[in-house]
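Quick notes on the structure that follows.
The values are calculated or read from the model by the stated rules, or taken from the named source; none is laboratory data. Every value quoted in this text rests on a predicted model; they were computed, and no experiment measured them. All Cβ positions, glycine included, derive from the backbone under ideal geometry; neighbour counts span all protein chains shown.
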Amino acid sequence: MQAIRKLLDISEQTLAVVCILSFVAMFILGIATVVFRFIIQSSLAFPDELIRYLFVWLIFLGSAIAFRRNMHAAIGVLVSYLPATFKRASLIFATLISAFFFLVIMIYGIDLTLRVRPQISPALEVSMAWVYGAVPVGMAFLLVYAIELLVIQSRAPADELLTEGH
Amino acid sequence: MITAAIFGSFIILLILRVPIAVALGFSSVIGLWLSDISLEIVAQRMFSTNNSFPLLAIPFFILAGEIMSTGGMSRRLVGFAASLVGHLTGGLGAVAILGSSFFAALSGSNAATVAAIGGVMNQPMEEKGYRPQYTAATIAAAGVTGMIIPPSILLILFGVVTGISIADLFLAGLVPGVLICVSMLILNRFLAVREGVEKTEFQGSAEIWRSFKAAFWPLLMPVIILSGIYGGVFTPTEAAIVAVLYGLVVGLFYRELTFAALYRAFFRAVLSSAVVMFIMNAAGVFAWLITINQIPQGISSYLAEIAGGPIVYLLLVNVFLLIVGCMMNAAAAIVIFTSILYPAAMSFGIDPVLFGIIVAVNLSIGTVTPPLGVDLFIASAITKVSIESIVTVIWPYVLVLIFDLLLITYFPSISLSLVRIFG
């Protein structure tokens with residue numbers, strides 16, 4: 001269990017580094033588009049497109065980190081008033097729902113990614129599978145972290161179960 | 001039948017503490033399954049919502065706010081506010097309120113504003129003898145201008161959902177933000193008497209000039225950003241990118257921005273953006289599904305019938321959103337309910353920009369009302385005062401904010417005058 005947790009920690013840190021590097025790249029490309037629009041009076045198509053694609057990856061991978069850190073907005077007030085047993089049951093149910101949703105979207109996301117392989121993006125001229133791939137990859141991480149959360153929620157002492165979230 | 005299934009499952013999932021984004025997505029899955037539509041559309045829609053240039057203003061404005069709260073700018077803005085209003089009765093309370101409004105012009109979110117200004121004001125207010133509850137309540141309430149004074153994450157979301165010009169929405173938010181700031185300054189003047197704190201001397205106009213010079217670069221930023229947007233030089237997204245660059249340059253110039261702080265700023269901005277956008281993605285699917293089922297039109301004509309006219313309709317909207325705001329994250333609420341409430345507002349001939357401002361002010365108030373008010377959580381973390389005891393002190397602020405909301409709702413020129421002059 002310790003080893004698995006360690007591995008998941010590493011995966012989260014890797015995602016964080018990837019997201020931050022994407023964000024830095026988006027920022028530099030963004031500056032480039034603004035500068036180009038002023039100097040040559042026309043915007044370059046490829047940075048604009050690349051920023052949007054990096055953003056897609058950033059959101060899906062960032063969502064997974066946010067899930068592991070219990071940061072996704074939820075309404076925890078009502079559950080927090082439940083007695084311990086029901087509270088635990090409700091939280092586990094909520095995580096099961098999340099895991100099921102991530103699984104479904106991951107499967108359909110894989111189908112979609114495979115189907116859009118022949119499509120080529122207008123400016124960068126890469127396969128759109130590279131962009132759509134963010135959906136199943138992000139969902140896969142979300143699913144893994146949801147399973148980890150299920151294990152935590154079923155084992156943690158009642159008073160350590162988190163209900164808040166912003 | 002499908003309508004009942006979608007909304008029923010959505011509400012049940014929310015009550016059971018399923019994350020809002022998942023609740024939106026899951027109830028959409030149920031609706032699609034009942035309508036016999038391939039679930040692939042969920043993946044498709046979630047993807048295409050992100051693939052939008054106007055929405056990119058959100059991560060960049062969040063990042064700009066994070067960088068500016070680490071770069072020593074909040075301290076300089078507070079210094080300038082202190083030289084202006086520090087000598088008044090309840091001086092430091094007034095400094096917190098005015099400083100928050102200055103910071104609101106750099107940042108697009110309430111949470112960032114409370115964290116930045118609260119972090120600077122907490123200790124000085126404690127030393128001057130303000131009760132910690134009063135400090136917490138004041139910095140939390142002052143943060144409400146964060147999402148009203150442009151830039152504003154809520155107004156960007158509203159603009160993207162409805163297709164209304166984000167530039168117009170920003171312009172319309174300016175005067176309501178100032179109104180809220182002034183009304184809270186007045187309230188603080190009366191509340192602070194009971195705090196029994198000592199007064200400080202007026203430092204003189206030389207001090208105003210000195211602190212103005214110290215805060216000059218942060219104060220110049222909103223001027224550049226806003227004049228750039230209205231002068232047609234930047235789109236809001238480009239303005240957000242320029243804001244990040246500006247924050248970096250000023251932070252480096254002041255030698256207050258370390259590499260570690262910058263890394264944290266980027267990381268926090270990644271997480272906040274992901275949380276907002278994950279909801280936006282799922283809400284995109286949900287809104288699409290209810291629209292093809294003609295649900296907003298149905299609700300809208302039903303609401304139009306019971307309201308009868310725009311005045312009653314706006315009152316109903318306000319009461320409803322105040323309740324929603326107590327329970328739900330503001331960004332989630334604005335993307336979910338705009339698609340439902342907006343069509344009826346249009347059928348009553350309410351100005352779309354005004355409607356955006358009303359919704360944003362209303363949901364901003366939700367950030368200081370229990371049980372789920374994000375400003376309260378942050379103020380509580382900064383001051384180490386429990387949410388319960390902040391609530392016992394903050395209610396006069398909430399009443400004044402509701403009064404402001406009614407003024408903004410029923411005197412459209414508060415929001416729209418600037419748009420008519422410059423728009």
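Details
- Number of positions in region B:102-147 that are of a type in the set (Ser, Thr, Tyr), at pLDDT 90 or above and within 22 Å of residue B:59 (Cβ to Cβ): 2
- In region B:56-79, the qualifying residues are those that are within 14 Å of another protein chain (Cβ to nearest Cβ) and more than 16 Å from the chain's Cα centre (by Cα), and the one that is nearest to residue B:284 (Cα to Cα) is B:56.
Rundown of residues vs (1) under 24 Å from residue B:28 (Cα atoms); (2) of a type in the set (A, V, I, L, M, F, W, C); (3) touching a Gly at 6+ places or on another chain (Cβ under 8 Å), yes/no style:
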residue	(1), (2), (3)
A:72	yes, no, yes
A:88	no, no, no
A:115	yes, no, no
A:137	yes, yes, no
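- Considering residues of region B:181-199 that are closer than 16 Å to residue B:129 by Cα and assigned to a helix (DSSP H, G or I) only, the residue modelled with the highest pLDDT: B:188
- Unmet criterion (only one of (1) surrounded by 19 or more Cβ atoms within 10 Å (Cβ to Cβ); (2) assigned to a helix (DSSP H, G or I)) for residue A:74: (2)
- Top-ranked residue in region B:39-62 [being aliphatic (A, V, I, L, M) and surrounded by fewer than 24 Cβ atoms within 10 Å (Cβ to Cβ); ranked as farthest from residue B:236 (Cα to Cα)]: B:39
- Taken over region A:106-158, the criterion of being touching a Phe, Trp or Tyr at 6+ places or on another chain (Cβ under 8 Å), among the small types (Gly, Ala, Ser) and not in a helix (DSSP H, G or I) is satisfied by A:121, A:123.
- Of the helices (runs of 4 or more DSSP H) lying entirely inside region B:50-148, those carrying at least 3 residues that are β-branched (Val, Ile, Thr) are B:57-70, B:110-127, B:132-142.
- On inspection, residue B:45 passes the criterion of being modelled with pLDDT under 90, within 11 Å of chain A (Cβ to nearest Cβ) and in contact with a helix residue (DSSP H, G or I) (Cβ under 9 Å, 6 or more places away or on another chain).
- Of the helices (runs of 4 or more DSSP H) contained entirely in region B:326-423, those carrying at least 3 residues that are aromatic (Phe, Trp, Tyr) fall at B:387-410.
- Among the residues making up region A:122-146, a single one is touching a strand residue (DSSP E or B) at 6+ places or on another chain (Cβ under 8 Å) and within 13 Å of chain B (Cβ to nearest Cβ): A:128.
- Among residues of region B:395-408 that are within 13 Å of residue B:144 (Cα to Cα), those with a Cβ under 8 angstrom from a residue that is outside any helix (DSSP H, G or I), sequence gap 6+ or separate chain, pair up as B:398/B:369.
- Contacts under 8 angstrom Cβ, first residue in region B:253-275 being touching a residue at least 60 places away in the same chain (Cβ under 8 Å), partner polar (S, T, N, Q) and not in a helix (DSSP H, G or I), 6 or more apart: B:272/B:109
- Identity of the residue in region A:30-48, closer than 30 Å to residue A:67 by Cα and at the interface with another protein chain (Cβ under 9 Å from one of its Cβ atoms), that ends up surrounded by the most Cβ atoms within 10 Å (Cβ to Cβ): A:30
- With respect to the conditions (1) of a type in the set (A, V, I, L, M); (2) closer than 30 Å to residue B:333 by Cα; (3) at the interface with another protein chain (Cβ under 9 Å from one of its Cβ atoms), residue B:265 falls short on a single one, namely (3).
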